[in-house]
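Undergrad: This structure is in structure tokens; I'll ask about it shortly.
Please treat every number below as a calculation from the coordinates, not as lab data. Because the structure is predicted, anything quoted here is derived from the model rather than measured. Note that each Cβ is placed from the backbone with ideal geometry, even for glycine, and that neighbours are counted across all protein chains shown.
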Amino acid sequence: MGTVVTILIFQLDVGTLRTSIGITSRMFSECVDKNIPARHPSNKNLCDIVDIAVDAYVPPGDALLEIGGVDVPVGPGSTYPMVFIANSIVLKVIELQLKEGMIPEVRKSGNLKGGLERSKALFDDKYYYRIKHY
């Protein structure tokens, strides 16, 4: 399920001191035909190029249901497990930072009093230049 853009980003980051983590589905990736337009020209899958691959076990085609009258399965199943996995990784990183004596930079919802001010104080000076449509 690694798209061309995702794989290009990981390839650009090779050689840095960062550890790359990819959330994908090996079962899905291994079923995708080689040399189709949606694949990276190398035919590599995301799980083949990241340091840590987390498998979301999404079935090939990313469709979970068969509905009478529809000739292909429907109902994407990748969104929830992948978002849950990504958020779980964030929570674990926060725990590890605290264990190391670091103070995690955590956003507060902009819907709560003081949320926007907190986020701006924590992130604007450091990351504003990276966000093109802020």
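Undergrad: Arranged by the count of other C-beta atoms within 10 angstrom, fewest first, what order do 47, 31 take?
TA: By the 10 Å Cβ count, ascending: 31, 47.
Undergrad: What nm value, rounded to one decimal, do you get for the distance between residue 92 and residue 33 when each label is placed 7 Å out toward the C-beta?
TA: The two pseudo-label positions are separated by 3.6 nm.
Undergrad: What FRET efficiency would be calculated for the residue pair residue 70, residue 44, taking the C-beta separation as r and a Förster radius of 35 Å, to the nearest 0.05? Before the final figure, lay out each step's value.
TA: Details: r = 32 Å, r/R0 = 0.92.
Efficiency, from the Cβ-Cβ distance: 0.60.
Undergrad: Let me ask something additional. What list of ³J(HN,Hα) values in whole Hz, one per residue of the range 112-119 in order, does the Karplus curve 6.51 cos²θ - 1.76 cosθ + 1.60 (θ = phi - 60°) give from phi, with Gly and Pro shown as x?
TA: Each residue of the range 112-119 in turn: 9, 4, x, x, 5, 5, 4, 4 Hz.
Undergrad: Same structure, new question: Sorting 124, 62 on the 10 Å Cβ count, fewest up front, what's the list? All intermediate terms of the calculation are to be shown ahead of the outcome.
TA: On the way: 124 12, 62 15.
The order, fewest Cβ neighbours first, is 124, 62.
Undergrad: Among 100, 105, what is the fewest-to-most ranking by other Cβ atoms within 10 Å? Please report the intermediate quantities before stating the final value.
TA: Details: 100 7, 105 14.
So the residues, fewest neighbours to most, are 100, 105.
Undergrad: Quick one: Karplus J couplings for the range 20-25, per residue in order, coefficients 6.51, -1.76, 1.60, θ = phi - 60°, nearest Hz, x for Gly and Pro?
TA: Couplings: 8, 10, x, 10, 8, 10 Hz.
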